[in-house]
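Let me begin by presenting the structure, written as C-alpha cells, before commenting on it.
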Amino acid sequence: MADLWWIYSKPVPADGRELWTLFLQCSCVTAVIGGLFYNWMFASLEYSWQLSVAMAVSFSLLLLLTLLLVHPARCVFSMIMPTLGTKQGRKLLFSTCIMIAVVNITPNIISNIKTILQVIECICKNSSDSLLNSTALLEKVSWEFGDATQETIHSIYKPMNGHFRFSLLQNSSLIYQKMHLVGEKISREFLSVEVLVKDSVRVANRLAAGFFMLYLCFESTWYLKNYLTNLRFDNFYITKKLEHLAMDRKAAHLLVGSCKKLIRPTGLKLSWEEVVLCLVQAMLVTVALMLMLVVVAMDHFAFSVADTVVTKAAQFSAVPVTLSIKYKVEIGIVPFIFKVFGHPSKELLFGDFNRTYHHHLIFSSAHCRISPPTPPNPSVLLVVGLLFCILYATVFLETYARRLCRGIAASFFQSWEEERVLYLYRKLSRRHRK
C-alpha cells in the first residue's frame, strides 16, 4: 500500500511500470466514482437514466485524464474524500435528506389527506342522499294525511285539500353533480400542489447539490493553495519530520515545552477550539434533525387520522328516524247551552289519524371510492436515520478529516512539507529564546 501510494503521489512516474500502475489506479478510482456519480444523479437527483449514464461516462473519462496527467489535480481529488467529512459533506447529506423527505414523505402525507377528504365526500353524499329520500317519505305522509282529512262524515265539515307537493327530489341529480365537481376540483388542486412542491424542491435540490459539489472541489483547491503559499497555514502539528529535525539539532525540549499548543496529527487529542466547533456543529445538526422529525411526525399523524377516519366511517350505523302523526277531528254540539245548564260539553268525533313512519339516515356506503390510508415507509425512516447518524459522525470526525487533508498534501509535496517543518522549528526556537 505504501508503494502504491508513493506511485500515486509522485509528480511524474519513474518508468513504464509505475506509469501502468498509476493508470490502473486512476482507472479503478474513476470507475468507482463514475458508478457513485450515476447513482447520485439517478436515485437522489432524479435525472433520467439516459442523461445519468451520459453524464457519468463523460465525467469518468474527464476525471481519468485529469488524474493521470495533472499532479495537483490528483492531490485535490484525494483531499475531496476526507473533505466530505467536513461541513461541505454535511451540506450534501442535508440536501439528500431533504430530497428523500420531499419525494417519499410529502406525497404520503398528501395521499392520506386525500383519503380523509374522500371519506368526508362520501359522508356528505350519502347523508344528502338519505335526506333527499326522507323528502319522499314526507311526501307519502302528506298524501296519506291529506286523504285522511277528506274522509269526514259529512261534506259540510270536509276541509280543504290537505295534499302537499315536494319538488326537492327533482334536484337530486343536480346536487350529486355539484358535489362530484367539488370533489374533482379539490383533487385537482391537491394534485397540482403536490406536483408544484415536488418540482420546486427537485429543482432547488439539484441546484443546491451542484453548488455544494463545486464548493467541495473549491474548498479542497483553496486548502492546497494556502498550503503551498502560506507557511503558517494549518502548521501546528508535531509530525515525524519535526521530531527528527529537533532530535538532529538536539532541541527535543522545544517540542516538550510547546506541547500545549502543538498536537500530533495522528493522535486523538482535540484542542479547545476544535471541541467548541464540534459542539456548535452538533447543535446545528440537532436543529435539522428536529425539523426532519416534525415532517416524519406529520406523516405518522396524517396516517393515524386517515386510518381512524376510515375505520370510524365504516362503523357508522344507520340512524333510525321515527315520524309519528296523531290527528283527531272533533266538533262540539251547541257548547253554550251546556254551559248555561252547568253540564260538560259533548263533542262528536269526526276523524282520527294515528300512524308511525320509519326511516334511516345513512352516512356511509360500501360503494364509495375511498383509497386506503398509506402507512409511513419504514425503509425511508431507516435511510434518514442512517444519514443523520453519518451527519453526527462527521461532526466529530471533521477535525481528523482536516488533519488527513494535511497529510495528503504533505505526501504529494514532500519538499514543501520540509520547508513548512523548518519554518515551524524556527518559530519554536525564537519563542523559546524569548
> Which one of these does residue 101 not meet: (1) farther than 19 Å from residue 219 by Cβ; (2) out of contact with any helix residue (DSSP H, G or I) (no Cβ under 7 Å at 6 or more places or on another chain)?
Replying inline: (2)
>> Looking at segment 241-252, can you tell me whether even one residue there is touching a Phe, Trp or Tyr at 6+ places or on another chain (Cβ under 6 Å) and open to solvent by less than 40 Å² (accessible area, probe 1.4 Å)?
In response: yes
> Does residue 55 count as in contact with a helix residue (DSSP H, G or I) (Cβ under 8 Å, 6 or more places away or on another chain) and farther than 30 Å from residue 281 by Cβ?
Replying inline: yes
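For every residue, the table says whether it meets (1) modelled with pLDDT of 85 or more; (2) loosely packed, with under 11 Cβ neighbours inside 10 Å.
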{"position": "290", "(1), (2)": "yes, yes"}
{"position": "295", "(1), (2)": "yes, no"}
{"position": "301", "(1), (2)": "yes, no"}
{"position": "322", "(1), (2)": "no, yes"}
{"position": "332", "(1), (2)": "no, no"}
{"position": "343", "(1), (2)": "no, yes"}
{"position": "350", "(1), (2)": "no, no"}
> Which residues, counting only those in segment 401-429, are touching a residue at least 24 places away in the same chain (Cβ under 8 Å) and open to solvent by 30 Å² or more (accessible area, probe 1.4 Å)?
Replying inline: 402, 404, 407, 413, 416, 418, 419, 422, 423
>> Just checking, does segment 82-99 include any residue being farther than 24 Å from residue 287 by Cβ, in a helix (DSSP H, G or I) and open to solvent by less than 20 Å² (accessible area, probe 1.4 Å)?
In response: yes
>> For segment 26-39, check the following and say yes or no: at least one residue is part of a helix (DSSP H, G or I), without any contact (Cβ under 8 Å) to a residue 12 or more places away in the chain and touching a helix residue (DSSP H, G or I) at 6+ places or on another chain (Cβ under 8 Å).
In response: no
>> Step by step: first the residues of segment 1-57, then only those that are within 19 Å of residue 408 (Cα to Cα) and of a type in the set (Phe, Trp, Tyr), then the one that is surrounded by the most Cβ atoms within 10 Å (Cβ to Cβ). Which residue is that?
In response: 8
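The values are calculated or read from the model by the stated rules, or taken from the named source; none is laboratory data. This is a predicted model, so every value here is computed, not measured. Counting neighbours? That spans all protein chains shown, and the Cβs are built from the backbone with ideal geometry, glycine included. SASA here: full protein model, heavy atoms, side chains in, ligands and nucleic acids out. Shrake-Rupley method; radii C 1.70, N 1.55, O 1.52, S 1.80 Å.
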